[in-house]
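The values are calculated or read from the model by the stated rules, or taken from the named source; none is laboratory data. Remember, it's a predicted structure, so these values are computed and weren't measured experimentally. Because the Cβ atoms are built from the backbone with ideal geometry, glycine has one as well, and the counts that use them run over all protein chains shown.
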């Protein structure tokens, strides 16, 4: 076995660290004797794959064949060198930031501890166990699946997406047990950093920072230390800086407590409302007795106030976020783990999807409660990008146990996470759980279960937040109604809503407009991933949506049937599976557009629209707008438009229905044109509309000068169209609406008066011109002889970022798009390789 030589890191903080994450770790099945190389941080599934012992877990139906892994115990070991100097510290500790999950830790053959919570970091005294020279660490991971089956056997609560209904009894990433968009990989391993630390007896570990924003614009920071040992045994110093320049006047209050007055603060704002300046705070400690360093901690903060505003109003009670005193309409999506195997993720893994969220004009991400408390890289990026974070605690879709041991573990988990994240500029809300009130309603009718629920979510968690944060609001569940009412009617009065009538209940898409919610924190529609992403998990021969490979990558029971149902309501039967995939993405985008634009038109009554979901954890058919490979679906391009600061949106009054004989009836007679604005500064615009016949003839047009004021949704024009619809036929007409400023188009859309499958779209010829801007950047000009709906272009085999896609191409106009490739590409290759289509090409 390879032995790690001493590679200790001594820094001015006085803490000597021996990193073990890059040590020569090995692993084995606990029933076997042979070891294989392991990666730390990592997990057993990826280690087995790297060792060539299992096939790609994502390929085909391999997931089903690998279920045996979850029922085995696994052992991880390393051998490392320690020298006498490292053993001289008054504290010598083994620090494990995350073990997944049921682990027995031994050092040099002596048991140190047992763990049972993936979300807790551990610190153990090992000074008496280590020796000068060669040392060993062994971690035995018992099967989490077996543990879940055998512990708390009296538990009855279940979770919808775990076929064994045992996930809630273990404090572990719940979606590892399977979800309706993800695989079941109940894994094990050292999933976060592990190290040996040598430190003084009294050592600074962290600090708490609070902000007071004064009426005169000044900000007062209060800083208080967190110390292992005696607080009064240390001297402290504090530095605050912005962009490397000292900021604020520092005053010591004694015992490590400081106040910092910043007279001219640069405020942090959400994406689209301003910049994101970040201040650095560094607190250092030295021993009063010896003068030697005793710890140093640094945090990055943004100066801002964020409040969940709940005030009585005519409808009931408001529900919106105020940032620096400005009401903010939350535009965004729900976040699930970015990979099925969360160990060892990098900043780049997070940046791809979070930067895409910001590029689509989002300002909020909801970290869903069935995954993990995310890494520092995730929150760093949210701080930098201006993405507010709605942070669930990690409980989802189930009733949870309430025994003393479980509650103690949850308290430690919550305390650690709140202390870790409380200072984050982006942190907007702590939420107790996801849907544990909604989906466990029956279980909560049992008095004991209700008592357990209240103990954790109404008492424990808010107390932990209050004590260790003190400035971020707490909301006990999502969805939640403060008076305990259920039903959509209650969501129109107060609280947040998860609306799944569209999709799960298969209600018409127009059902979104039936309900005037205060804040919609979940709603969604599935689509298929692109052929390029599908090729990462199945061969061309198996690429069939009803075949076993793709069926295993559809985790929502009946999901394929629901997709086809909604697609068939709006579009004609496609010529190929690739066209079906394209139509599923158009349908998904259409559904989310109807929902989001309805909620934005309701502003300020409704102040949030977070669709389900932003990302995927593996290649799959799902509700995501970004595929597992990072490719944007049609929804993400269109989200960039319906989340734009300035929006023109049409409310179609009336609907179309079918009766006996399959005859269609329509009572659509007019459109209401709205402008919605939540940008800065206020602006003026030109609203325009034009009614077209499918043959290209313009039948009606007009314009109106409008004022765009922050936080205002305004009905600007009602167009009465009954005569024109009757004369020309609703199947032959569509309306183009647009909003322009003096020098650019702010927003535009196309409105149809019947499901588009009944519209005889014209055939068109397309011309494409490609210009090279640099080795990796190009500009494309598209022109068409006739109107084309949701024009899509692609370069098969190549990956690129596009400024736009899935757009409307109008006859005689030029649409210009910028694209960028990660590596140099030849102009000729692009001219030969470009593929494109619009809706009319799919049938």
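Evaluating residue 385 against the criteria (1) surrounded by fewer than 21 Cβ atoms within 10 Å (Cβ to Cβ); (2) in contact with a helix residue (DSSP H, G or I) (Cβ under 9 Å, 6 or more places away or on another chain); (3) closer than 19 Å to residue 458 by Cα leaves one unmet condition, (3). So, residue 429, is that one more than 22 Å from residue 342 (Cβ to Cβ) and outside the structural domain of residue 270 (by TED's automatic domain parsing) or not? Yes: the conditions hold for residue 429. May I ask you to verify whether residue 300 is touching a residue at least 60 places away in the same chain (Cβ under 8 Å) and either assigned to a loop (DSSP other than H, G, I, E, B) or touching a helix residue (DSSP H, G or I) at 6+ places or on another chain (Cβ under 9 Å) (or both)? Yes, satisfied.
Between 696, 679, 702, which is part of a loop (DSSP other than H, G, I, E, B), outside the structural domain of residue 596 (by TED's automatic domain parsing) and more than 39 Å from the chain's Cα centre (by Cα)?
On the way: 679 fails: more than 39 Å from the chain's Cα centre (by Cα); 702 fails: part of a loop (DSSP other than H, G, I, E, B).
From the options 696, 679, 702, the qualifying one is 696.
Taking every residue in segment 237-256 that is farther than 14 Å from residue 209 by Cα and pairing it with any residue that is assigned to a loop (DSSP other than H, G, I, E, B), at least 6 positions away or on another chain, the pairs with Cβ-Cβ distances below 8 Å are 241/247; 242/266; 242/277; 242/278; 243/277; 248/263; 249/263.
With a cut-off of at least 3 residues that are in contact with a strand residue (DSSP E or B) (Cβ under 9 Å, 6 or more places away or on another chain), name the helices (runs of 4 or more DSSP H) lying wholly within segment 406-508.
Per the criteria, 461-468, 488-491.
Matching residues to (1) assigned to a loop (DSSP other than H, G, I, E, B); (2) under 30 Å from residue 622 (Cα atoms); (3) modelled with pLDDT of 95 or more:
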position	(1), (2), (3)
275	yes, no, yes
285	no, no, yes
308	no, no, yes
314	yes, no, yes
322	no, no, yes
327	no, no, yes
352	no, yes, yes
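Pick from 629, 649, 675: which is out of contact with any strand residue (DSSP E or B) (no Cβ under 9 Å at 6 or more places or on another chain), surrounded by 15 or more Cβ atoms within 10 Å (Cβ to Cβ) and modelled with pLDDT of 95 or more?
Values: 649 fails: out of contact with any strand residue (DSSP E or B) (no Cβ under 9 Å at 6 or more places or on another chain); 675 fails: out of contact with any strand residue (DSSP E or B) (no Cβ under 9 Å at 6 or more places or on another chain).
Matching residue, one of 629, 649, 675: 629.
When residue 606 is tested against (1) under 19 Å from the mean Cα position of the chain (by Cα); (2) outside any helix (DSSP H, G or I), exactly one condition is not met: (1).
For residue 129, are the conditions met, namely being touching a strand residue (DSSP E or B) at 6+ places or on another chain (Cβ under 9 Å) and free of Cβ contacts under 8 Å to residues at least 40 places away in the same chain? Here the answer is yes, as residue 129 does meet what is asked.
To keep it simple, each residue is scored yes or no on (1) over 22 Å from residue 294 (Cβ atoms); (2) in the same structural domain as residue 280 (by TED's automatic domain parsing); (3) surrounded by 15 or more Cβ atoms within 10 Å (Cβ to Cβ); (4) modelled with pLDDT under 95.
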site	(1), (2), (3), (4)
215	yes, yes, no, no
218	yes, yes, no, no
230	no, yes, no, yes
236	no, yes, yes, no
243	yes, yes, no, yes
249	yes, yes, no, no
254	no, yes, no, yes
258	no, yes, yes, no
262	yes, yes, yes, no
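None of 726, 720 is out of contact with any helix residue (DSSP H, G or I) (no Cβ under 9 Å at 6 or more places or on another chain), touching a residue at least 24 places away in the same chain (Cβ under 8 Å), surrounded by fewer than 18 Cβ atoms within 10 Å (Cβ to Cβ) and not assigned by TED's automatic domain parsing to the domain that holds residue 791 except 720. Can you name the condition, by its number, that residue 151 falls short on among (1) within 30 Å of the chain's Cα centre (by Cα); (2) within 30 Å of residue 444 (Cα to Cα)? Among (1) within 30 Å of the chain's Cα centre (by Cα); (2) within 30 Å of residue 444 (Cα to Cα), residue 151 violates only (1).
Taken over segment 557-572, the criterion of being over 27 Å from residue 759 (Cα atoms) and either assigned to a helix (DSSP H, G or I) or touching a strand residue (DSSP E or B) at 6+ places or on another chain (Cβ under 8 Å) (or both) is satisfied by 559 alone. Residues in segment 251-271 that are closer than 30 Å to residue 362 by Cβ and part of a strand (DSSP E or B): 262, 267.
Listed conditions (1) out of contact with any strand residue (DSSP E or B) (no Cβ under 6 Å at 6 or more places or on another chain); (2) buried (at least 23 other Cβ atoms within 10 Å of the Cβ); (3) under 24 Å from residue 422 (Cβ atoms) are all met by residue 377, apart from (2). Taking the criterion of being out of contact with any helix residue (DSSP H, G or I) (no Cβ under 9 Å at 6 or more places or on another chain) and surrounded by 14 or more Cβ atoms within 10 Å (Cβ to Cβ), the residues of segment 746-785 that qualify are 746, 750, 751, 766, 776, 777, 779, 782, 783, 784, 785. Among the residues of segment 509-532, those that are over 25 Å from residue 310 (Cβ atoms) and outside any helix (DSSP H, G or I) comprise 524, 525, 526, 527, 528, 529, 530.
At least 2 residues being within 30 Å of residue 656 (Cβ to Cβ) is the threshold, and among the strands (runs of 3 or more DSSP E) wholly inside segment 749-843 those reaching it are 788-794, 807-809.
Consider residue 555 carefully, then state whether it is in contact (Cβ under 8 Å) with a residue 12 or more places away in the chain and more than 17 Å from residue 624 (Cβ to Cβ).
Numbers: in contact (Cβ under 8 Å) with a residue 12 or more places away in the chain: yes; more than 17 Å from residue 624 (Cβ to Cβ): no.
For residue 555, the condition - in contact (Cβ under 8 Å) with a residue 12 or more places away in the chain and more than 17 Å from residue 624 (Cβ to Cβ) - is not met.
With segment 122-216 as the region, which strands (runs of 3 or more DSSP E) entirely inside it contain at least 2 residues that are under 28 Å from residue 621 (Cβ atoms) and in contact with a helix residue (DSSP H, G or I) (Cβ under 8 Å, 6 or more places away or on another chain)? Break it down into steps so the answer makes sense when it comes.
Working: elements: 122-125, 133-141, 177-179, 182-184, 194-199, 203-213.
Answer list for segment 122-216: 182-184.
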